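Trainee: Structure in structure tokens, see below.
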Amino acid sequence: MHAAMITGVSRGLGEALAVELLVRGWNVLGVGRKSGARLAGERYRFVDLDLTQVGKIDATLSAPLADIRSSRPSSVVCINNAAVAGPIGVGGRLSARDIAASFEVNLAAPAAIANVFCRVFADGVEDRRIINVSSGAAQTVLPGSAMYCAAKAGLEMLTRALAAEQGAKGVRVITLRPGILDTDMQAFMRSQAEDVLPTAGLFKGFHERRQLVAPNVAATKIVEKIVLARVEQGRTYSYADL
Ligand SMILES: NC(=O)c1ccc[n+]([C@@H]2O[C@H](COP(=O)([O-])OP(=O)(O)OC[C@H]3O[C@@H](n4cnc5c(N)ncnc54)[C@H](OP(=O)(O)O)[C@@H]3O)[C@@H](O)[C@H]2O)c1
């Protein structure tokens, strides 16, 4: 038996990854505020959790993860996929509450989820992986998206630090920058006015040049190259590596 926990399965890449793994016979635990319309069946379970509620993560996920462990999987993967693109706007125009929510969902929640995963799967399963879904924004400065950039940069350091702690034989922790995907997140970015998001033109250009990849296409490649194939401890994988 193979099992995956995926955050943000209501739509976009998270839902596509869950569908792809269910089709391949995996057990999937979806985590988020709502489940995806295409997700159902005996091997699918959904846990309702708003990832701004970081303090609830341990109590909410410990039991479902322990259930996965007791079913003795030969491989288990945690995909920290859920994220928010907001708040959009340059410094001075943001609310502190929106800034906090961005770091909760994009950085604190993945850290807390990785923590409970490493505790429950400290041993006993041969192939254990955490895949932190990041973005080119971890490296490329996007004025108007500073909080998203900062959180993704932090997420990539989280990957490297956890990978160093786990060593060669522990849980494999890797970063994935999934590329430019045809999801609500891209639509949200290209819908912004340039006086609010100075880089809005970049996102409009991706769309006009038809550079967006369908999430199900990306999900198939991610499962084959990042979930199933051997991966290098601590590495950052980009769409070009898939
Ligand atoms: N799209 C791209 O071009 C692109 C590029 C680079 C990286 N990425 C990364 O790829 C991943 C997937 O992005 P996407 O494009 O599929 O995004 P998306 O379509 O906007 O979906 C985001 C997912 O995160 C969930 N989520 C947001 N806030 C949440 C919260 N408070 N609690 C629980 N779940 C929450 C959403 O659930 P709700 O429906 O409940 O809001 C949704 O399922 C993200 O990590 C993103 O940063 C995307």
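The values are calculated or read from the model by the stated rules, or taken from the named source; none is laboratory data. In this text, all values refer to a predicted model and were calculated from it rather than measured experimentally. Cβ atoms come from the backbone with ideal geometry, glycine included; neighbour counts cover every protein chain shown. Surface areas here come from the heavy atoms of the whole protein model, side chains and all, with no ligands, DNA or RNA. Shrake-Rupley method; radii C 1.70, N 1.55, O 1.52, S 1.80 Å.
Trainee: From Arg45, Arg72, which residue is more than 13 Å from Val120 (Cα to Cα), out of contact with any His (no Cβ under 7 Å at 6 or more places or on another chain) and open to solvent by 50 Å² or more (accessible area, probe 1.4 Å)?
Mentor: From the options Arg45, Arg72, the qualifying one is Arg45.
Trainee: Now for a different question. Only one of (1) among the acidic types (Asp, Glu); (2) within 16 Å of Asn80 (Cα to Cα); (3) over 21 Å from the mean Cα position of the chain (by Cα) fails for Glu156. Which number is that?
Mentor: Against the list (1) among the acidic types (Asp, Glu); (2) within 16 Å of Asn80 (Cα to Cα); (3) over 21 Å from the mean Cα position of the chain (by Cα), Glu156 comes up short only on (3).
Trainee: Those residues that are within 12 Å of the ligand (Cβ to nearest atom) and either of a type in the set (D, E, K, R) or open to solvent by less than 20 Å² (accessible area, probe 1.4 Å) (or both), I need them from region 106-122; list them, please.
Mentor: Asn106, Ala109, Pro110, Ile113
Trainee: Can you tell me which residue is farthest from the chain's Cα centre (by Cα) among those in region 126-147 that are more than 30 Å from Ser191 (Cα to Cα) and open to solvent by 10 Å² or more (accessible area, probe 1.4 Å)?
Mentor: Glu126
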